[in-house]
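Chemist: Shown below is the structure under consideration.
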Amino acid sequence: MSDGNGPPGTAQRYMPRFTLDDGPITEVHAFWLAGMSCDGCSIAATGAQNPTVEQLMTGSIPGLPRIVLHHPVLSVTAGKDFMKAHHLARAGKLGAPYVVLMEGSVPDESIAGAFGGYWSAMGAEHLPDGTQRPIPTAHWLRDLAKGAAAVIAVGTCATWGGIPAAAGNVTGSMSVMDYLGKDYLSQLGLPPINIPGCAPLGDNITETITSVLMFLAGIGPLPEFDELGRPAWMFTSTVHRGCVRAGNYEEGKFADEYGQKECLVELGCWGPVVQCNMVSRGAVGHNGGCMNTGGICIGCTMPGFPDAFAPFYKKPPGTLVSSVLSRGTGGFVSYLRNFTQRSRNLTARWKETGSVPSGWASVQAKASSVDRAVGFFYERMKASGTRFEPGSARQKELQASASDYLRKRPPAQAAE
Ligand code: SF4
Ligand code: SF4
């Protein structure tokens, strides 16, 4: 809010420069701006698979407008040629709808400006004295946001402020929503859309763009966003609920060093409280992603990141209660499950003969007296309420019919 020239400001709604009445939208420009960023979000986007950036740029998804991407690293043009579309859009002369994608946080340019410098800039503007000065990225965001169909903040720096806005924030860095203000609405009437993550999942980026394009083209509903503008279907659930190690947590099995397959909460995993779909979706092409590859969750999608989760790699305080409880109840649950699993791993024949003809290893087929006692009750509970309950009239009827058949069957059949 304080870069000198100011953001779009309060309550002002700009008149649309395009409407669906103009006919089907075949092309949408996408201006990718990079503020205080490490370019990790760009790298993540290029790894997206569902859909790929190439599919979006070639318009190969039926019904979806083609994206004309203006990206400072990926575009093949440079210098004035690259900046031409930016200037046209800023002047309202692009002649096509566009979206703004912002990577990195927005610095307070008044701090650097006071010393004649800038934090982050792209392109240049001519001054009356014949000289030129770089145009801060923040100003591009401010100006392009006015006519954008949608503003999409990509990555935690753009969505919440992220690492540049962490403790000791000398650049005055802030998020896109902090910069544009509470009353900002795009041409589609949307506040900034937020796709957090450091870096976010590539598929989360391209899928969100796709769903906005479908809405823009009039072939899809407005996607569901949560109270912070996150695509709700991606960020409602916690990492823990989709984690491949969650069963270990439930059974009270915890890793005490990296490389082990159990739950990582005692090594510092914040997954139980963090909203992210990384492990359930996989980092690239449904593969990899934090706990899938042995890493803990450090909460990188959350507005409080990084300060609220630091120091990293230290057991979160809540773990003292939850993992102690899990150990207590999980040990018993684990015993019961192991018992059930053992008995389901035996065929009826092996149980009857008391041996398993496996050359792989020795398999215990004979149940211990404890297992037999547990099994007695287990089988009764399993069948209780059904026609097959042990001792039920139906069971007796079936047994009688089987005995009758065995008694009456022809001798030749009995010999088979
Ligand atoms: S590793 Fe983390 S997210 Fe996975 S089960 Fe353990 S606490 Fe939950
Ligand atoms: S699982 Fe945690 S650390 Fe990994 S991407 Fe999600 S929020 Fe970030």
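We did not get these values from a lab; they are worked out from the coordinates using the rules stated. As the structure is a prediction and not an experimental result, all values here were calculated from the model. Using ideal geometry, Cβ is built from the backbone for each residue, glycine included, and neighbour counts are taken over all protein chains shown.
Chemist: For residue 33, what residues show an amide H to amide H distance below 5 Å, using hydrogens built from the backbone and excluding near sequence neighbours?
Modeler: So residue 33 has HN proximity to 101, 102, 103.
Chemist: Under a point spin-label approximation (7 Å from Cα along Cα-to-Cβ), what is the residue 350-residue 406 distance to one decimal in nm?
Modeler: Those two pseudo-labels are separated by 2.4 nm.
Chemist: Would you mind computing, in nm to one decimal, how far apart the modelled labels at residue 313 and residue 126 are, each placed 7 Å from Cα along Cα→Cβ?
Modeler: Roughly 5.5 nm, to one decimal.
Chemist: Same structure again: Could you work out how far helix 79-90 tilts from the main Cα principal axis of the chain, as a 0 to 90 degree angle to the nearest 10?
Modeler: Helix 79-90 sits at roughly 90 degrees to that axis.
Chemist: Specify the longest stretch of the chain that does not include any exposed loop site, a site being one of the trypsin sites (Lys or Arg not before Pro) with a non-H, G, I, E, B DSSP assignment and at most 15 other Cβ atoms within 10 Å.
Modeler: On the way: sites that count: 13, 93, 182, 261, 314, 366, 387.
Formally, the longest exposed-site-free interval is 94-181.
Chemist: Report the dimensions of the chain along its three principal axes from the alpha-carbon atoms, largest first, rounded to Å.
Modeler: 111, 51, 41
Chemist: Counting other Cβ atoms within 10 Å, keep those with at most 16, restrict to DSSP loop, and tell me which chymotrypsin sites (Phe, Trp or Tyr not before Pro) in the stretch 200-272 are left. Intermediate values should be presented prior to the final figure.
Modeler: Working: sites: 215, 225, 233, 235, 249, 254, 258, 270; in loops: 258, 270.
Qualifying residues, ordered by number: 258.
Chemist: Taking Cα atoms, how many degrees apart are the long axis of helix 369-383 and the longest axis of the chain, rounded to 10 and kept between 0 and 90?
Modeler: 70
Chemist: List the cysteines in the chain whose Cβ has no other cysteine Cβ under 4.7 Å from it.
Modeler: 38, 41, 157, 243, 263, 269, 276, 290, 297
Chemist: For every helix of n ≥ 4 consecutive DSSP H residues, a contribution of -39,500 (n - 2.57) applies; sum these over the chain, divide by its total residues, and give [θ] at 222 nm rounded to the nearest 500 deg cm²/dmol. Don't skip to the answer; put the middle values down first.
Modeler: On the way: 16 runs with 146 residues, N = 416.
That comes out to -10000 deg cm²/dmol.
Chemist: Relative contact order for the chain: what is it in percent, counting Cα pairs under 8 Å that are at least 6 residues apart?
Modeler: Working: 721 pairs, mean separation 59.5, N = 416.
Relative CO of the chain lands at 14 percent.
Chemist: Give me a comma-separated list of calculated 3J(HN,Hα) values for the stretch 298-304, in order, Karplus coefficients 6.51, -1.76, 1.60 applied at θ = phi - 60°, integers in Hz, x for any Gly or Pro.
Modeler: 9, x, 5, 8, 8, x, x
Chemist: Here's something else I'd like to know. With viscosity set to 1.567 mPa s at 4 °C, what whole-number translational diffusion coefficient in µm²/s follows for the stretch 20-233 from Stokes-Einstein and a Kirkwood radius over Cα pairs?
Modeler: 74
Chemist: What are the ³J(HN,Hα) values, in whole Hz, obtained from phi via the Karplus relation 6.51 cos²θ - 1.76 cosθ + 1.60 with θ = phi - 60°, for each residue of the stretch 259-266 in sequence order, with x given for Gly and Pro?
Modeler: Values, residue by residue: x, 8, 8, 7, 4, 9, 4, 7 Hz.
Chemist: For the pair residue 389/residue 26, report the inter-label distance in nm, with labels modelled 7 Å from Cα in the Cβ direction.
Modeler: Modelled inter-label distance: 7.1 nm.
Chemist: The stretch 116-231: D in µm²/s via Stokes-Einstein (Kirkwood Rh, Cα pairs, 25 °C, 0.890 mPa s)? Display every interim value, and only then the final one.
Modeler: On the way: Rh = 15.6 Å.
It comes out at roughly 157 µm²/s.
Chemist: Using C-alpha positions alone, give me the convex hull volume of the stretch 237-344 per residue in cubic angstrom. List each step's numbers first, then the result.
Modeler: Details: hull volume 11.8 nm³, N = 108.
Expressed per residue, the convex hull around the Cα atoms of the stretch 237-344 is 110 Å³.
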